[in-house]
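The values are calculated or read from the model by the stated rules, or taken from the named source; none is laboratory data. What you see is a predicted model; the values in this text were computed from it and never measured. We place every Cβ from the backbone using ideal geometry, glycine too, and count neighbours over all the protein chains shown.
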Amino acid sequence: MRMSQVGDRVQAHYTKRFTDGSARSSRLQGGQPLELIVGSAHPRLPGIASGLVGLEVGQKVTIHVPASQAYGMPDPKRIASVDRARFPATEKLEIGKRGSMQLGRGRTRRVTIMEIHEQKVVVDTNHPRCGQSLELDVELVAILTPSESGV
């Protein structure tokens, strides 16, 4: 049976488990397997790049991804004090919750609210999962040839 190699386009089901106990699964997202390229970084599945090398269809693997390779470590430089006016007046800000901060040109950014003052809000712009390691349980569903990939 053929084994996956770097550069192969494959389909896989996965469950992503975080250290806080939460999990995400491809089987819950319409049941469709995820299509990806073996050896290529994936934005939603950090650490999977090399974890699928050498697998056969139907084979399962658990990949342990340290926090530094998952969503990174918290960066204190990404904590800032901003004007309260950068948040919609209708948005109820709560410490520890996520909020939408206005950036300019109609763009917004999701941030974690750390402190709320009359004129200023202290926000954390780090990814909400930074500092957490994760485990990926992955099952290789198919190895696709270019004509099967639909790309």
Please tell me if Ile95 is without any contact (Cβ under 8 Å) to a residue 60 or more places away in the chain and of a type in the set (A, V, I, L, M). yes
Any chance the stretch 66-76 includes a residue that's in contact with a strand residue (DSSP E or B) (Cβ under 8 Å, 6 or more places away or on another chain) and either within 12 Å of Ala12 (Cβ to Cβ) or not in a loop (DSSP other than H, G, I, E, B) (or both)? no
Anything in the stretch 1-20 that is more than 23 Å from Val53 (Cβ to Cβ), part of a loop (DSSP other than H, G, I, E, B) and either modelled with pLDDT of 90 or more or not β-branched (Val, Ile, Thr) (or both)? List them, or say none. Asp20
Pairs please, first residue from the stretch 66-87 and of a type in the set (Asp, Glu), second anywhere and loosely packed, with under 13 Cβ neighbours inside 10 Å, Cβ atoms under 8 Å, 6+ apart in sequence or on different chains. Asp83/Gln119
Looking for something under 22 Å from the mean Cα position of the chain (by Cα), among the aliphatic types (A, V, I, L, M) and closer than 30 Å to Ala12 by Cα - is there at least one such residue anywhere in the stretch 92-109? no
The stretch 21-59, residues that are part of a strand (DSSP E or B), under 16 Å from Val141 (Cα atoms) and modelled with pLDDT of 85 or more: Leu34, Glu35, Leu36, Ile37, Glu56
Right, Met73: more than 30 Å from Val6 (Cβ to Cβ) and among the hydrophobic types (A, V, I, L, M, F, W, C) or not? no
Picked from the stretch 9-51 (must be more than 13 Å from the chain's Cα centre (by Cα) and of a type in the set (Lys, Arg)), the residue surrounded by the fewest Cβ atoms within 10 Å (Cβ to Cβ) is Arg27
Which condition number in (1) surrounded by 15 or more Cβ atoms within 10 Å (Cβ to Cβ); (2) modelled with pLDDT of 90 or more; (3) within 27 Å of Asp124 (Cα to Cα); (4) of a type in the set (A, V, I, L, M) is the one that Met73 fails? (1)
Among Glu94, Glu139, which is of a type in the set (Asp, Glu) and buried (at least 16 other Cβ atoms within 10 Å of the Cβ)? Glu139
In the stretch 120-151, which residue that is modelled with pLDDT of 95 or more and polar (S, T, N, Q) is farthest from Arg9 (Cα to Cα)? Thr125
